[in-house]
Structure formats: C-alpha cells, structure tokens
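Read through the structure below, which is laid out as structure tokens, and then see the notes.
The values are calculated or read from the model by the stated rules, or taken from the named source; none is laboratory data. From a predicted model like this one, the values you see are computed outputs, not experimental measurements. Please note: Cβ atoms are built from the backbone with ideal geometry, for glycine as well, and neighbour counts cover all protein chains shown.
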Amino acid sequence: MLSVLSKLSWFFKEHKWRYIFGVTLLVVVGILELIPPRLLGQAIDEIVYGSITWESLSRYIVLNIVWMVVIYIITYGWMYSLFGASFIVERKLRSRFMRHLLKMTPTFYEKNRTGDLMAKATNDMRSVSQTTGYGMLLITDSTVFLLTVLVAMSVLIHWKLTLAALLPLPIIAIAMKVFGKMIHERYTTAQDAFGVMNDQVLESVGGVRVLRAYVQERNDEARFRDITQDVYKKNVAVAKVDALFDPTIRFAIGLSYMIGLGYGAYLIIHNELTIGELLVFNMYLGMLIWPMFAIGDLINVMQRGNASLDRINDTLYYKPDVADAATTQDVIVPEKFEWKQYQFRYPSSTVNNLEEVTLTLLKGQTLGIVGRTGSGKSTFVKQLLREYPLGNGNMLVNGVPLDTIPLDQIRSWIGYVPQEQILFSKTVEQNIRYGNQDATEQDIMQSIDMASFTHDLPTLSQGTQTIVGEKGVALSGGQKQRVSLARSFISDAEVLILDDALSAVDARTEANIITNLRNLRAGKTTLITTHRLSAVEHADQIIVLDDGRIVEQGTHEELIQQNGWYKEQFERQQIESSL
C-alpha cells in the first residue's frame, strides 16, 4: 500500500495544501459525527428515567439539525478537495503519457502493442486516479476515523466493552494481507489481457476490408470470442478475490455486534452501563462498519492502483531510443549533406541495411533514390528523420555530425510524405493545415494546386470542408496521397522527403506534380524515392541502391549511358507506358 503512495509522492507534494485541507475537514467531520448519537443516548436515558421535558426534547432536535447542516457543508468541502485531486492527477498523467508517446521512435512501437497502450491510457489511468482520491478517503477513514470512534467508545462509554467487541478484528487483518497480494497479481494479469483484446479490436476494425475480401469474418469472430473469454476469466479471477472482502468483514462485524450486545446486557444488569449508553455504543459500533469496509476497499484500491501505476511507469520510464546529445550544435539552415562510408543496421536486423554509403547533397538539389523492392530506399531517407540511432561512419550537415544537432531543429527543416499516408478524421483543409497552422486560404489552395488536387475538389461533397474519415477512408488512394503532398508542400520545408509518395497517381498527374515541385521549390532540397523512374528524371543526382549499397550514381543521362540496372528499368517502363 505504501508503495503506490511513495511512487505518487511527487503529486502529493505538488498539491499538499489541497490534501491538508481535505483531510483536515474529513477528520473534523468524523469527530462531529460522534455528537448526534451521544445526544440521542442522553435523550433515551432521560426518557427511561422520566426526566425528559418538551424544552430538553426540542433542544436535542435543534442541536441534531444544526450538526447535520454543519456536517453537510464540511463534507462538501473535503469531497471537492480530495476527489478534485483525483481528476487532476489523471489529467497530468495522461498528458505526460501522451507527450511521452509523441517522443517515441518506431523501436518503441515495435515493442508495445497499440491496444496495450490504450488500456494504460484508460483503465490504468482511472485506477491511479481512484487511488489519489477515493484512496485518500479510505486511508483517513480506516485509520483516523476508526481510532476516533474507538476512543469515543472507550472513554465515553465503557473500555472493557470496547475491548471485547474488538476481539474479531485480527480476522480482518489476516484476510487483508492474503487477499491484497492476490488482488495485485490477478489485476495485473487481467489488465494485460484487456490490452491484448484492445489490440485485436484495432486490427479487426482497421483490416475489415481484408477480412471481408478473404471471407475471414467467422474466423475473426472466433478469435475475438476466445480473447474476450480469456479477459472474462481473468477478471472473474479478480472478482472472486474481491468478493471475499465484504463477507469476511461482515462476519467479523457480526461477531462484534454479538459480543457487544451480550456483554452490554450483562453490564446493564450489573448497573455498570445504562440503556442509553448501550444504544450509543451500538451506534458507534455501527459507525465502525464503514472503517472496516474501508480497510478492505483500501487494500483493493491500493493494489489495483499500484499494479496500474507500475504498468504506466513501464511506459513513462522507457528511455527514447534517439535523444539529443549531451552537447548539441545548432544548424539553422542545412546547406550541405554528406554521407561518408556510412553504415546502418536496424535493431532487429542481423545484417547491415545500408553499407558503405558515400554521397554529397547540396542545398537546392534534388536527389532521386531508386532500386528494387527492399534495396534500402526508405531506410536511406529515414536516417535524416532520426527515427533510429545513427549507424557507423559519418553523416554530416554543414560539416556538423547529424547526431549532435538538436532533434527539434532537424525535424523543423523537414517535410515528409511516407509510403503509407496518414490522414486524420478531420476535414481536407484541417489535414493540410497540419503542415502550417498559420496558412491562409490562398496558401491552402496553392498547396492543393501544387499537389494537383484541384480537379478533385468538385467531386467531394463539401470541397475542402469534407470530412475524410478515419485514416482518410472517404478518399481514394491517389486522393489521400495528394492531400498528404499538399500538407508537406504548405510547410515549405527546407528539405522535402517524398518516400514513394507518387505511386498512387497516374503518369499525367505525376508529371504535373513534378513540374510544380521544380518551379516552386527552386533553391530547396528534395529527396524522392520511387519505383517509377519518370519521377526522378529531372533530379540533379540519382542513386541506385541494391542491398543497401550505392551501385550506380549520376544524372539521368549519365545513368542511361552506364548500361546498368537503371537503363534496363527505364527502357522497360518506357515500353510499358507506350503499351
């Protein structure tokens, strides 16, 4: 229990006055709640002894009403303070979690399932939130309020009767220790299973067209049924332990009542206790029911919160695979890129994915990167994005090693259109504005025209205000690609990377886009990977990759004269286009 509190000590320190205020009010309410039963006991004794009057009865009634109003007001104060804090910690953790995800590189997402990350951002966050709000209520009531009631029973009523009624309490203590450990283990397993289920749902929804095309709906349903059955079983395992708390506490409290009534009657017979005092004692004993349950709930809530916080911290404490160097050097405008005997290997690979790459690219030049599938084209351009730790050899910008330049600065140079276009479930205009939030309407239309998307606007129901749907599902492949292109064009980046970004458009549209690129990006650097060689004919340099090596290099005309893979592929594509 103390483990989760120590892990959240940063939050308690940050909001210490809120907790001091809330807990203080909670303690005050606990003390005030002892007074109405005491007043009732006195009234009963006066009735029994025949000394009650209308004046004293009225006084008891008014005092009880006043106390109830005061308790109501103070209760509002502590509930707002403590439960408000739980929403604050959830917001802070969720913001930290999101910021952390945005910093992570592909290696992290290769190790962590999307569904599991979603489970951490929802269920686990709520469990931690409950720990800081409801958990603090339970801690206070199961300790301070419990002790307050016990002191009142011992001092104001009868200490021997109180001691006798507490004899069953060790049963609760033993049960809490056993059940608490079981809850922690089973809840962690259940949350892991929930993450697997989330991942399955995401895959099924994202790939629903493929499932239907291959008539795999029934098989996918069966898979999902097995997963949900597993989640159900693991949550039932948690519920079985959870369900043992209440009966155990009720059994102990029942024994306390039996002892209290039996021994209390004996004390009344021997004139050591009045009927009113026994009534007050039973009411105080009834007040102990909640602290007893609070002990059970406390173990449950804390163990769940601890398990969830451990899962969240596993993600938050994951160190980025690519981070800024201890000493960085600023490069405001990239004028010259150099690769010198550069080698790179993916973390999951057993061979080099780039081998002995030597190349120089100047500001304003266009570099074409071609080669067969799997030759390393995307790997080459991704080195500039710093998604993975750099390999061996040298990769320099303006003579400065790339790994010593701040990541934010590198990414501020670059506009990037990947092979798989990512569109958000917003309008066409909003998707384009991701490239430049300050863009005017004229800038947007210019970027749309540059991406040769203007003629498609009349086919959309609301033009640039059309919602594209999740991942751009409302658009065709070519339309998604051109919206992504428009988004990169509007950023007017110093370096533009098109990673096979023209594959879904026809030859005429491609020619228009290439012409626009040449005209509007004069003086800025562009890298284009492609299988269609017509997209890089205009490039200042073209490299042909094979197994991560540069096997041919030069301009279009120079490569045609080399009679290598480039010439062979170009002639084949020319024949195919003529046919």
Report yes if some residue within the stretch 157-175 is of a type in the set (G, A, S) and farther than 30 Å from L309 by Cα; otherwise report no. yes
For the stretch 343-360, the count of residues that are within 14 Å of Q383 (Cα to Cα) and in a loop (DSSP other than H, G, I, E, B) equals 5
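From the residues in the stretch 464-479 that are aliphatic (A, V, I, L, M) and in a loop (DSSP other than H, G, I, E, B), which one is surrounded by the most Cβ atoms within 10 Å (Cβ to Cβ)?
Once the filter is applied, the top-ranked residue is L475.
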For the stretch 31-52 the number of residues that are more than 18 Å from T148 (Cα to Cα) and either acidic (D, E) or out of contact with any helix residue (DSSP H, G or I) (no Cβ under 8 Å at 6 or more places or on another chain) (or both) is 6
Give the residues of the stretch 159-189 that are without any contact (Cβ under 8 Å) to a residue 60 or more places away in the chain, more than 17 Å from I253 (Cα to Cα) and hydrophobic (A, V, I, L, M, F, W, C), sorted by residue number. W159, V178, M182
Taking the stretch 311-342, which residues are surrounded by fewer than 16 Cβ atoms within 10 Å (Cβ to Cβ) and assigned to a helix (DSSP H, G or I)? N313, D314, L316
Would you mind stating whether G435 is crowded, with 16+ Cβ neighbours inside 10 Å, modelled with pLDDT under 85 and either of a type outside the set (S, T, N, Q) or over 25 Å from A522 (Cα atoms) (or both)? yes
Just wondering, is there one or more residues in the stretch 80-90 that are out of contact with any Asp or Glu (no Cβ under 6 Å at 6 or more places or on another chain), modelled with pLDDT under 80, polar (S, T, N, Q) and surrounded by 15 or more Cβ atoms within 10 Å (Cβ to Cβ)? no
Can you tell me which residue is modelled with the lowest pLDDT among those in the stretch 107-123 that are part of a helix (DSSP H, G or I) and in contact with a Ser or Thr (Cβ under 8 Å, 6 or more places away or on another chain)? E110
Out of the residues in the stretch 34-67 that are over 30 Å from W290 (Cα atoms) and polar (S, T, N, Q), state the one that is farthest from the chain's Cα centre (by Cα). S51
Given the residues V196, V238, which is the only one that is farther than 30 Å from L39 by Cα, surrounded by fewer than 20 Cβ atoms within 10 Å (Cβ to Cβ) and assigned by TED's automatic domain parsing to the domain that holds I44? V196
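Go through the stretch 29-88 and give me each residue that's in a helix (DSSP H, G or I) and either charged (D, E, K, R) or not assigned by TED's automatic domain parsing to the domain that holds I139 (or both). Even if it seems obvious, please write down each step before you answer.
First, pick out the residues of the stretch 29-88 that are in a helix (DSSP H, G or I): 29-32, 35-49, 54-88.
Those that are in a helix (DSSP H, G or I) and either charged (D, E, K, R) or not assigned by TED's automatic domain parsing to the domain that holds I139 (or both): R38, D45, E46, E55, R59.
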Within the group V236, V241, which residue is touching a Phe, Trp or Tyr at 6+ places or on another chain (Cβ under 8 Å) and assigned to a helix (DSSP H, G or I)? V241
Sole miss for S256 among (1) out of contact with any Leu (no Cβ under 9 Å at 6 or more places or on another chain); (2) surrounded by 13 or more Cβ atoms within 10 Å (Cβ to Cβ); (3) of a type in the set (S, T, N, Q) is condition (1)
When G435 is run through (1) assigned to a helix (DSSP H, G or I); (2) under 27 Å from the mean Cα position of the chain (by Cα); (3) among the small types (G, A, S), the failure sits at (1)
If A326 passes every condition in (1) without any contact (Cβ under 8 Å) to a residue 12 or more places away in the chain; (2) in the same structural domain as K181 (by TED's automatic domain parsing) but one, which one does it miss? (2)
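Select the strands (runs of 3 or more DSSP E) contained entirely in the stretch 491-547, then report the ones holding at least 3 residues which are at pLDDT 85 or above and β-branched (V, I, T). Write out each step before concluding.
Details: elements: 495-499, 525-529, 541-546.
Because the criterion is at least 3 residues that are at pLDDT 85 or above and β-branched (V, I, T), the strands (runs of 3 or more DSSP E) in the stretch 491-547 that meet it are 525-529, 541-546.
Here's the yes/no breakdown for (1) more than 30 Å from L93 (Cβ to Cβ); (2) exposed (fewer than 13 other Cβ atoms within 10 Å of the Cβ); (3) out of contact with any Gly (no Cβ under 6 Å at 6 or more places or on another chain); (4) among the aromatic types (F, W, Y):
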residue: G207; (1), (2), (3), (4): yes, no, yes, no
residue: D226; (1), (2), (3), (4): yes, yes, yes, no
residue: R250; (1), (2), (3), (4): yes, no, yes, no
residue: Q303; (1), (2), (3), (4): no, no, no, no
How many of the residues in the stretch 486-510 are touching a helix residue (DSSP H, G or I) at 6+ places or on another chain (Cβ under 7 Å) and of a type outside the set (K, R)? 15
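Assess whether T122 counts as being assigned by TED's automatic domain parsing to the domain that holds G286 and touching a residue at least 24 places away in the same chain (Cβ under 8 Å).
Working: assigned by TED's automatic domain parsing to the domain that holds G286: yes; touching a residue at least 24 places away in the same chain (Cβ under 8 Å): no.
When the stated conditions are applied, T122 does not pass them.
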Among helices (runs of 4 or more DSSP H) entirely inside the stretch 124-226, those with 3 or more residues being among the hydrophobic types (A, V, I, L, M, F, W, C) are 134-140, 146-152, 159-165, 169-206, 208-213
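Do we find that G264 is buried (at least 18 other Cβ atoms within 10 Å of the Cβ), more than 25 Å from the chain's Cα centre (by Cα) and either over 30 Å from F97 (Cβ atoms) or basic (K, R) (or both) in this structure? Give the derivation first.
Details: buried (at least 18 other Cβ atoms within 10 Å of the Cβ): yes; more than 25 Å from the chain's Cα centre (by Cα): yes; either over 30 Å from F97 (Cβ atoms) or basic (K, R) (or both): yes.
Against the criterion (buried (at least 18 other Cβ atoms within 10 Å of the Cβ), more than 25 Å from the chain's Cα centre (by Cα) and either over 30 Å from F97 (Cβ atoms) or basic (K, R) (or both)), G264 qualifies.
Return the total of residues in the stretch 324-353 being touching a strand residue (DSSP E or B) at 6+ places or on another chain (Cβ under 6 Å) and closer than 20 Å to V400 by Cβ. Spell out the reasoning first.
Filtering the stretch 324-353 down to residues touching a strand residue (DSSP E or B) at 6+ places or on another chain (Cβ under 6 Å) leaves 329, 331, 334, 336-344, 352-353.
Then keep just the ones that are closer than 20 Å to V400 by Cβ; that gives 329, 331, 334, 336-344.
Number of matching residues: 12.
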Collect the residues in the stretch 365-407 that are in a strand (DSSP E or B) and either under 12 Å from I497 (Cα atoms) or not assigned by TED's automatic domain parsing to the domain that holds K340 (or both), keeping them in residue-number order. T366, L367, G368, I369
Given the condition outside any helix (DSSP H, G or I) and without any contact (Cβ under 8 Å) to a residue 12 or more places away in the chain, answer yes or no: does some residue in the stretch 1-20 qualify? no
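Every residue, every condition in (1) closer than 27 Å to A535 by Cα; (2) in contact with a helix residue (DSSP H, G or I) (Cβ under 7 Å, 6 or more places away or on another chain), yes or no:
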residue: P418; (1), (2): yes, no
residue: V428; (1), (2): yes, yes
residue: D438; (1), (2): no, no
residue: Q446; (1), (2): yes, no
residue: M450; (1), (2): yes, yes
residue: L457; (1), (2): yes, yes
residue: Q465; (1), (2): no, yes
